[in-house]
Amino acid sequence: MPDSRLRRFLRDPLLVFLVIGAGIFALDRMAGGVFDPESRSVLVTREQVIRLADLWSAQIGRLPTAAELDSLVEDHVREEVLVREAMRMGLDADDTIVRRRLAQKMSFLIEDTVVTGEVSESELAAYFEENAQRYGDAQRFTLRHVYVSPDRRGSDEEAARVATDILAQLQAEGGGAEPENTLWRRLGDPFMLRREYGRRTAGDLAELFGGAFVNGLATLPIGEWAGPVESAYGYHIVRLSARTEARPAVFEDVRRRVLEDARRDARDAANREAHERLRERYRVEIEELEFASELEGGGTGTDEVGAEP
């Protein structure tokens with residue numbers, strides 16, 4: 001009998017209404033407290049409606065119908081309500097994607113508002129002089145090579161000896177006179193990089209093989225197998241097909257490129273200054289982390305990076 005009374009009590013519509021009301025009140029308190037008509041007023045302006053129609057037109061290729069426009073506006077309102085409620089509940093606080101998107105939009109806003117002056121002729125000439133290496137023709141090499149590994153051969157001395165023997169074999173086969181000769185492909189040790197390079201700059205080859213290798217190429221004959229040339233990996237027998245020397249750029253020939261680069265660098269510098277000025281408005285504290293002491297339960301210090309008075 002008591003159980004049946006309890007069931008009837010729990011089914012009472014008034015009780016259900018009160019429980020639901022209490023839940024809504026609790027959620028509202030969690031989401032931001034007392035109902036604020038001003039903060040929960042959504043105004044869809046005429047400009048926003050036009051923008052929604054323009055976006056639809058750009059994607060679909062025609063203007064939306066009245067029903068489609070109503071649906072677009074309703075979707076916009078739904079999104080606005082969800083965004084506001086999410087922010088009211090603090091759901092954006094620790095979301096990395098949201099933070100990065102907001103930071104990106106702020107960066108775009110700063111870049112759009114930064115104004116730089118036009119580059120004068122004297123500034124342009126000075127910029128060219130400071131960056132002349134960007135615009136000249138670099139020294140370039142076209143080559144093929146046979147590699148000998150000191151690790152595989154047991155020592156540098158043995159690798160150098162094997163490389164010398166390979167050179168003699170290639171020269172005896174007439175490799176210098178016949179570029180199509182394929183013997184070189186069957187000789188030497190496996191190599192992780194390519195065995196042929198076309199019109200590569202000295203800088204490119206230096207990054208791949210090291211500066212000593214490029215220095216060795218500078219004195220090799222053209223059209224003949226020669227070496228050994230030492231690199232960061234070992235020894236190489238090299239056949240240079242072409243070597244073009246570096247040529248400095250003439251300002252008038254590259255003026256347009258220089259102007260574009262100077263303007264871009266000026267914008268980048270202005271953007272960096274704008275970001276730095278914005279950062280100076282904040283008092284930044286970075287806690288130092290001593291890994292050993294942290295693992296042992298030690299404390300951390302605080303380093304104040306900067307602040308605006």
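The values are calculated or read from the model by the stated rules, or taken from the named source; none is laboratory data. The shown structure was predicted, so the numbers you read here are calculated from the model rather than taken from an experiment. Here Cβ is always computed from backbone atoms with ideal geometry, including for glycine, and neighbour counts include all displayed protein chains.
Selection within the stretch 106-156: residues that are β-branched (Val, Ile, Thr) and modelled with pLDDT of 90 or more. The member of this set that is farthest from ARG199 (Cα to Cα) is VAL148. Of everything in the stretch 196-208 that is surrounded by 15 or more Cβ atoms within 10 Å (Cβ to Cβ) and in contact with a helix residue (DSSP H, G or I) (Cβ under 9 Å, 6 or more places away or on another chain), the residue that is farthest from ALA242 (Cα to Cα) is ALA206. Of all residues in the stretch 98-120, those that are of a type in the set (A, V, I, L, M, F, W, C) have Cβ atoms under 7 Å from Cβ atoms of residues that are outside any helix (DSSP H, G or I) and surrounded by 12 or more Cβ atoms within 10 Å (Cβ to Cβ), 6 or more apart or on another chain, in VAL98/ASP92.
Of the residues making up the stretch 222-239, just one is touching a His at 6+ places or on another chain (Cβ under 8 Å) and either on the phi > 0 side of the Ramachandran plot or surrounded by fewer than 17 Cβ atoms within 10 Å (Cβ to Cβ) (or both), namely GLY227.
Just one of the listed residues (ALA159, ALA168, ALA103) is exposed (fewer than 15 other Cβ atoms within 10 Å of the Cβ) and at pLDDT 85 or above, namely ALA168. One residue stands out among those in the stretch 225-245 that are in contact with a helix residue (DSSP H, G or I) (Cβ under 8 Å, 6 or more places away or on another chain) and in a loop (DSSP other than H, G, I, E, B): the one that is farthest from PHE128 (Cα to Cα), which is GLY234. Inspection of the stretch 198-206 identifies no residue that is of a type in the set (Asp, Glu) and assigned to a strand (DSSP E or B). Pairs under 7 Å by beta carbon, first residue assigned by TED's automatic domain parsing to the domain that holds GLU80 and more than 19 Å from ARG84 (Cα to Cα) in the stretch 42-63, partner at pLDDT 85 or above and not in a helix (DSSP H, G or I), six or more apart or different chains? Correct list of pairs: ALA53/LEU63; ALA53/PRO64; TRP56/PRO64; SER57/LEU63. Across the stretch 57-85, the number of residues qualifying as touching a helix residue (DSSP H, G or I) at 6+ places or on another chain (Cβ under 9 Å) and under 21 Å from VAL44 (Cα atoms) comes to 9. Does the stretch 64-71 contain any residue that is assigned to a helix (DSSP H, G or I) and within 30 Å of ARG267 (Cα to Cα)? Looking through the stretch 64-71, none of the residues is assigned to a helix (DSSP H, G or I) and within 30 Å of ARG267 (Cα to Cα).
For every residue, the table says whether it meets (1) free of Cβ contacts under 8 Å to residues at least 60 places away in the same chain; (2) buried (at least 16 other Cβ atoms within 10 Å of the Cβ).
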site	(1), (2)
GLY211	yes, no
LEU220	yes, yes
SER241	no, no
VAL250	yes, no
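Among residues of the stretch 268-285 being of a type in the set (A, V, I, L, M, F, W, C) and part of a helix (DSSP H, G or I), the one that is farthest from LEU109 (Cα to Cα) is ALA269. ASP261 meets the conditions (1) of a type outside the set (Phe, Trp, Tyr); (2) part of a strand (DSSP E or B); (3) surrounded by 13 or more Cβ atoms within 10 Å (Cβ to Cβ) in every case but one. The failed one is (2).
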